[in-house]
1. Identify which of the listed values of semi-axes √(5λ) of the Cα gyration tensor in Å was calculated from the structure shown: [x] 61, 21, 14; [y] 23, 12, 9; [z] 15, 14, 11.
2. Run the accessible area of the chain with a 1.4 Å probe and give the carbon-and-sulfur part as a rounded percent.
3. Which chymotrypsin sites (Phe, Trp or Tyr not before Pro) does the chain hold that lie in a coil by DSSP with at most 12 other beta carbons within 10 Å?
Amino acid sequence: MIDTAAEIEQARALLVEMPERPGSSLGALGAAFLAASAAVLLAGVMVLGPGFAMKDPVYQDQFEN
């Protein structure tokens with residue numbers, strides 16, 4: 001037979017809540033950096049506009065006679 005008491009105790013052990021850890025200031029700093037980077041990149045896209053395109057530079061052979 002199956003020992004139900006042992007299974008119930010095992011299930012209770014899995015359901016016990018873990019103690020909450022305080023938030024990390026390093027995580028908040030990382031999130032703020034990510035948000036600021038996204039804002040700067042989005043502002044750059046808005047300023048340049050949808051028609052902006054960078055052309056490939058033309059290289060000339062310097063040793064050409």
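1. Identified label for the calculated read-out: [x].
2. 66 percent
3. For chymotrypsin sites (Phe, Trp or Tyr not before Pro) across the chain that sit outside H, G, I, E and B with at most 12 neighbouring Cβ atoms in 10 Å, the list reads Phe52, Tyr59, Phe63.
The values are calculated or read from the model by the stated rules, or taken from the named source; none is laboratory data. Quick caveat: nothing in here was measured; it's all calculated off a predicted structure. Virtual Cβ from ideal backbone geometry, glycine too; neighbours counted across all protein chains shown. Accessible surface areas use protein heavy atoms only, side chains included; no ligands, DNA or RNA. Shrake-Rupley method; radii C 1.70, N 1.55, O 1.52, S 1.80 Å.
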